[in-house]
Every structure is written in C-alpha cells, then in structure tokens.
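Below is one structure, written out as structure tokens; the observations come after it.
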Amino acid sequence: MTRTIGVVTTGRCDYGIYRPILRRIEQDRDLELRLYVTGMHLAPQFGRTLHFIQEDGFKIHECIKTILSSDSPEGLAKSMGLTTLGFAQAYKRERPDILLIQGDRFDIYGAVLAALPFNIPIAHMHGGESTEGLIDEAIRHSITKMSHLHFVSTPVYARRVIQMGEEPWRVTVSGAPSLDNLKSAKLLNFKELSRKYGVSQDQPFLLATFHPETLTWDKTRFHVQEFLSALEKSGAFVLLTHPNADTGGRLAAEMVKNFAAGAKNAKFFENLGTTDYFSLMSHAGAMVGNSSSGIIEAASFGLPVVNVGERQRGRFHGSNVLNVSCSRAEILGGIQKALSPEFRKKLAGLKNPYGDGRAAEKIVAKLKQVSLDSKLLIKRFYDIGR
C-alpha cells in the first residue's frame, strides 16, 4: 500500500532544503508526495516563490494562504492562528500518513499544531539546534516535543534532542539536506554570473542578507543601519537578498531596498533561487549577515562568513565563520578579515560539520520503513542514564 508523505514548505528558507527529499519521494513507487505550500511562497512581497516549485515540476497538493499584511507581533500571532485553521481544514479533507516539516518558523508551527488531534505522525528536521536571538528557539524545541521522528544535522544536536526526553530510536543523524543539492546542482561559472548579476573579477563581491532578530525586533532599524553602513564602508560590491517574514521584516526590507537603489556598488534581489545562490556562494569573497546558509552551507565552499548579531547564536559552525555584534565597526572589521588572503588560506580543506550530502537518502529510507503503529504515536519520556 502506498504511503503518503505530507511536506510543508513556507518559503525559500526551507524549499531548497526539501528539494532533494522531494525528488526521492517522487521517485519511490511506494511513496506518494503531498506538498503543502503556504507562507512566503504565496506572498508577492517575497517574490511569490511558488513559481520555483512549479518550475521544478513538483505537484502541489494544496496552497494554504495564511500570511497577513502586518509583520507586527499581533500580525504574526494572527498568522499562526490562520495557519492552524487552514491546515486543520486540509487534514480533514485528506490526512497524510506522515507529515515532514523543517525547522522552527512561526509560519510552520500551525501546521504541526493542527496535526496533533488527527494523530498524524510528525517527522521533524533540524531539531536540537539553537538560535538564541529569535522566538524560533522556543518554536523549534516545542515542535521537537510534538514530533515522533527526528532528523538532526549533527551528533551534537542528536544528544540535545535525547536530552529533551526523546527516545534514541526516534533520532536519526541525517546531516543537513540542503547539502545534497551540491551534488546535483549545475553551478553557473563566473562569466555567467557576471552577465546576470554584474559581479566582476576585479574585486571580490559580498553576498549579504540581514533578517530581524525577533527577540529584539524593536531595534531592527538600528541593526540594519549599522549593517548597511559597514557594507558601504567596505567598498565591496554587494548582492543583497530579501529578509524573511519576521517581526520587523518589512522595515528591514525597505531599508535594504532603498540602500541598494542609491548605491553604485549594491544590488537587491527578492529571490536568487537555489542554483544561482549556490553559484554565487562558490565565487563570493565572503558572506555577510545572519542567514542560516552562512552557518550550514557556506563551509562546503570554503566561504568566509561574517555572522552578525544574535540571530544564529548558539549554532554549531565551522572555522569559516567570524562572529561579530551588530556594531558597524565590528562588522567592517569582520569583512576586512574575511576578505584577507590569510584568512581564506586557512580554510583550505575545510570539512563541513553538517554532513556528507546524503541526508535525503537517510530521511526517505526512515520515512518509508518506520511502522505506523502505537509505538510511533505513543511518546514516552526518555530519562538520560536510564
């Protein structure tokens, strides 16, 4: 009997992670993919990234519109409520056998919460990680406790999930699925990137993204000002990407857009797509900001990263990452160090701590083989040392 795997994607931040898993599910005769699309994918202000899914040829099971026009705390809380309502209706229409979800964002929380009364087993990726500057910290760990299977990116995170009382047999160290893309992606060469994005071999370029820190969202204006000032003072050519849908995200996006519009050496893009983004990472002088891609994927390219502020604080990372505060002086100092030949030379042969690019294989095998019985659904608290 065919097993149905529901997958929830909310935007560019998780879609690239899912892609190799979606391919494997589609190729397996014993599995049926049910792709639920929601959140930023359906919002014009974030580039309406639904078209990336369509271009990749994946069949969309349902589109669930939940995101509101406001990025205030009230707006995000209401969006979480709408997400719960929308997914409750979707599960009533057709219940998947297992629901696979990734991460920690507010716009995925409702999909998990709605699944509980339906007794839908939850398979959670990237649990056990820590982002101390975000409300995502609480969301991630609460999703872990609602989940029945855990696919973690490193042994460190596996120990944390077990420390939270999850039975060891439920936890699989899969590595980060996004790294699987590197095996299949046909990266653009520098000439193609130059024609498409205006980068030049005469000077190293920076790939930059700044998302608001949701625990201190009232400081977003100051943080972005410091970030942009440092980029300007660096004198480097900068490619900026759109912030996520977070509290303060609209302000951050407006400031970044205005900066790029008035600068000779900066360009802004709503979405670059997985292939182009990885291609740029392979040729960039450094990455600057607070995107998780700087923590997880950048090491595979030996790419220096200036990780700004508290958003990614607590995450395990390679020696390519330089942690700085939201001070323009520290950010500028980090950029200068990251672009130095001495620092780049130290990264030769760097091994990515997030796996070997075989995560999708491990995840899909577990989703296919696990028994959908009371052992899976009944959660028992595991005491360490027992």
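General remarks:
- Square roots of five times the Cα gyration tensor eigenvalues for the chain, Å: 34, 22, 21
- Accessible area per residue for the chain, computed on protein heavy atoms with a 1.4 Å probe, is 42 Å².
- The mean of 1/r over all pairs of different alpha-carbon atoms in the range 98-140, once inverted, gives a Kirkwood hydrodynamic radius of 10.9 Å.
- Working from Cα pairs under 8 Å separated by at least six residues, relative contact order for the range 111-190 is 27 percent.
- Unit charges on C-beta of K, R, D, E only; dipole of the chain, Debye: 540
- The string of couplings for the range 164-177 from the Karplus curve (6.51, -1.76, 1.60, θ = phi - 60°) is 7, x, 7, 5, x, 5, 7, 9, 10, 7, 9, x, 8, x Hz, one whole number per residue in order, with x for Gly and Pro.
- Taking amide H as placed 1.01 Å from N in the peptide plane, LEU31 has its amide H under 5 Å from the amide H of ARG3, each at least 5 places away in sequence or on another chain.
- ³J(HN,Hα), Karplus 6.51/-1.76/1.60, whole Hz, each residue of the range 324-333, x for Gly, Pro: 9, 7, 7, 7, 4, 5, 5, 4, 4, x
- Degrees between helix 220-234 axis and first principal axis of the chain (Cα, 0 to 90, nearest 10): 50
- Rounded to the nearest 20 debye, the dipole size of the range 130-275 about its Cα centre is 440 debye, using +1 on the Cβ of Lys and Arg and -1 on the Cβ of Asp and Glu.
- Once the chain from ASN265 to ARG380 is taken as fully extended at 0.36 nm per residue, the excess over their C-alpha distance is 35.8 nm.
- In this entry, the range 1-145 is assigned a mean projected area of 8.6 nm², taken as a quarter of its C-alpha convex hull surface.
- Two-site label geometry, ASP373 and CYS63: point separation in nm, points 7 Å out along Cα→Cβ: 4.2
- Based on Cα contacts under 8 Å between residues 6+ apart, the chain shows a relative contact order of 18 percent.
- Partners for LYS337 among lysines (Cα-Cα distance below 19 Å; same-chain residues under 8 apart left out): LYS233, LYS345, LYS346
- C-alpha long axis of helix 274-283 to longest principal axis of the chain, angle in °: 40
- Table column - 3J(HN,Hα) (Hz), the range 78-92, Karplus curve with 6.51, -1.76, 1.60, x for Gly and Pro: 5, 5, 4, x, 5, 4, 4, 4, x, 6, 4, 5, 5, 5, 5
- Carbon + sulfur, % of accessible area of the chain - ligands and nucleic acids excluded, 1.4 Å: 51
- Centre separation in Å (Cα based) which lies between the range 87-144 and the range 275-330: 26
- GLN336 paired with LYS92, simple spin-label distance in nm, labels 7 Å along Cα-to-beta-carbon: 6.2
- Evaluated over the range 80-202, the count of Lys pairs having alpha-carbon atoms less than 26 Å apart is 4 (only pairs 8 or more residues apart or interchain).
- Of the residues ILE143, PHE58, LEU179, the one whose Cα sits farthest towards the positive end of the charge dipole of the range 58-209 is PHE58 (charges of +1 on Lys and Arg Cβ, -1 on Asp and Glu Cβ, taken about the Cα centre).
The values are calculated or read from the model by the stated rules, or taken from the named source; none is laboratory data. All values derive from a computational prediction rather than experimental measurement. A quick note on method: Cβ atoms are made from the backbone with ideal geometry, for glycine too, and the neighbour counts reach across all protein chains shown. To get the accessible areas, we keep the full protein, side chains included, count just its heavy atoms, and leave off ligands, DNA and RNA. Shrake-Rupley method; radii C 1.70, N 1.55, O 1.52, S 1.80 Å.
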